Every structure is written in structure tokens, then in C-alpha cells.
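Since every read-out is calculated from the coordinates, none of them should be taken as a lab result. Since the structure is predicted, the reported quantities are computational estimates derived from the model, not experimental observations. Cβ coordinates were reconstructed from backbone atoms using ideal geometry, including for glycine residues, and neighbour counts include every protein chain displayed.
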Amino acid sequence: MVETRLQERSLTEQVDEIRSLHELLAAEFKSRADSLDSRFDRLEALMFNTSSQHQAPGKAPMDPSPSNPPTPQTDHQTHQI
């Protein structure tokens, strides 16, 4: 009977230790996941900002602003006689 109680206590202590370690690992995992999310967000913003600064030659911006209006197209052949 005494041995069974000792085994039960030992199992209870092991379960408590496993739960404690699980909580620590879960917190560490969440911290690392949050860090990766933050890094990805910064990388995504950097890529978007860089790609929007570089445009293909001859292409007008998708959203022309007053400082960068689209170039008017003229047909030189209609003006020739």
C-alpha cells in the first residue's frame, strides 16, 4: 500500500513537471512565432516599398499623382501632310 502511494505521488509529480515544461515550451513557441510574424511583416513591407519604387521602363504608375501625371499620347502620323 505504501509503495502504491509513493508511485502515485511520483506519477503526480511527473505529470506536474510535464505540464510545467509544456507551459514553458508553449510560451517559447508563441514568442518565436510572434517574432517570425513580425519579421515577415517587415520583409513584406520592405519588398512592397522597394517594388513600388521601381517600375518597368515605359510603364505609367498604377496610381498617377499630380507630381507624376501620365504622358499624353500623340499620333504623329495624323499631323503629317
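For the range 1-52, what class follows from the C-alpha gyration tensor (a ≥ b ≥ c being the square roots of its eigenvalues): rounded when a/c is under 1.5, otherwise prolate if a/b is larger than b/c, else oblate?
prolate
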If every Lys and Arg gets +1 and every Asp and Glu gets -1 at its Cβ, then about the Cα centre the range 1-52 yields a dipole, in debye to the nearest 20, of 160 debye
